[in-house]
Amino acid sequence: MGKTSQPSQARKSNRSAGREAAERVRLLIDKCAAQGGILPVKNGALWHAEIKRQANLSNGQIDGNSEIKAMLQAHADLHEVQYSRRGRVAPEEDTPREVADATLMVPIERLRDAQMRLSAAERKNAELRAENARLRSQLMRGDEVAELIALGGRIEPGELDL
């Protein structure tokens, strides 16, 4: 029997903690109103981090407590500020993008065909570069061999077939 009462006491404790947190927020709102001001604002929206600090709230108590959330939303609406800036789109992403002209679009088959032809041309280019390098090295070796033969005097440079 003792085990069944513990979970209800934990829930009651969480509920009472939520009510106490809501009361602290209500007192903070009343204090700001008495001073003729509003809750802390940053960049045109309620500054949740500072509100949590001043009301001694934990991290999840603003979003996790519907009563606190409703109070802050009403306060923001009353003073014409945003409730939160979280999830806002960056200004450079907020501008509408130009719609692509359908006449400039290329069918996927043509794109793939062009990519295949390009890759074949790149392979052929690599083969030709390798052959060119091989032929240049043969030419250089041929000149060296002809020079060595000329110095040795045994074979005429023109008799050599490379």
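Worth a mention:
- Neighbours by Cβ (under 7 Å, 6+ apart or cross-chain): first from region 61-76, assigned by TED's automatic domain parsing to the domain that holds Arg24 and within 10 Å of Ala22 (Cβ to Cβ); second crowded, with 17+ Cβ neighbours inside 10 Å and of a type outside the set (A, V, I, L, M, F, W, C): Ile68/Gln61
- Take the conditions (1) at pLDDT 80 or above; (2) part of a loop (DSSP other than H, G, I, E, B); (3) more than 15 Å from Val25 (Cβ to Cβ); (4) of a type in the set (A, V, I, L, M); Ala121 misses just one of them, which is (2).
- Taken over region 47-78, the criterion of being surrounded by 14 or more Cβ atoms within 10 Å (Cβ to Cβ) and outside any helix (DSSP H, G or I) is satisfied by Trp47, Leu57, Asn65.
- Any hit, region 130-152, residues being modelled with pLDDT under 75 and either under 30 Å from Arg15 (Cβ atoms) or assigned to a loop (DSSP other than H, G, I, E, B) (or both): no
- Count - residues of region 25-82 that are of a type outside the set (Asp, Glu) and under 23 Å from Asn14 (Cα atoms): 28
The values are calculated or read from the model by the stated rules, or taken from the named source; none is laboratory data. As the structure is a computational prediction, the values presented were derived from the model and not from experiment. Positions of Cβ are generated from backbone atoms using ideal geometry, with glycine treated the same way; all protein chains shown enter the neighbour counts.
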